[in-house]
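*Asks:* One structure, pasted below without further comment.
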Amino acid sequence: MVCALAIAGMIVASITSHNGIAIALGTVAAVAVICLMLVSAVAGPEAFGRPQPVDEFAADDLERRVASLVAGGADEDDVRALIRAVRRMSRRA
């Protein structure tokens, strides 16, 4: 969006003979493109894709295991907090 507005501004500034403004807006557009490239490179393709579908078999297995641990005396909130911590850790790897 910033880049598109900067390009429009460059065109208007060039038509009205405001060369300094056109150059400044060209610099803004270039910086916006570089920032977009950096964000894309750092975030990776998984940040822009659709979320993976849920594996229903794995979800059912996980719920069965949680129920088994809770039936064995574990606190359900602690077990689910552990699962969330493992998910956060696996996303970083």
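*Asks:* Condition first: exposed (fewer than 10 other Cβ atoms within 10 Å of the Cβ), in a loop (DSSP other than H, G, I, E, B) and not hydrophobic (A, V, I, L, M, F, W, C). Now tell me which residues in the range 47-74 satisfy that.
*Replies:* 49, 50, 51, 52, 53, 72, 73
*Asks:* To continue, here is another question. Looking only at the range 40-77, which residues are at pLDDT 90 or above, among the basic types (Lys, Arg) and closer than 22 Å to residue 91 by Cβ?
*Replies:* Hit for the range 40-77 is 65, nothing else.
*Asks:* Still on this structure, I have one more. So the check is Cβ under 7 Å with 6+ separation or different chains; which pairs have a first residue in the range 50-76 that's over 17 Å from residue 86 (Cα atoms) and a second one that's outside any loop (DSSP other than H, G, I, E, B) and at pLDDT 90 or above?
*Replies:* As it stands, the answer is 70/76; 70/79, since those pairs meet every condition given.
*Asks:* Right, another one. Only residues that are polar (S, T, N, Q), more than 32 Å from the chain's Cα centre (by Cα) and exposed (fewer than 13 other Cβ atoms within 10 Å of the Cβ): list them for the range 1-46, please.
*Replies:* Across the range 1-46, the qualifying residues are 16, 17, 19.
The values are calculated or read from the model by the stated rules, or taken from the named source; none is laboratory data. What you are looking at is a predicted structure, and each value in this text was computed from that prediction instead of being measured. Here Cβ is always computed from backbone atoms with ideal geometry, including for glycine, and neighbour counts include all displayed protein chains.
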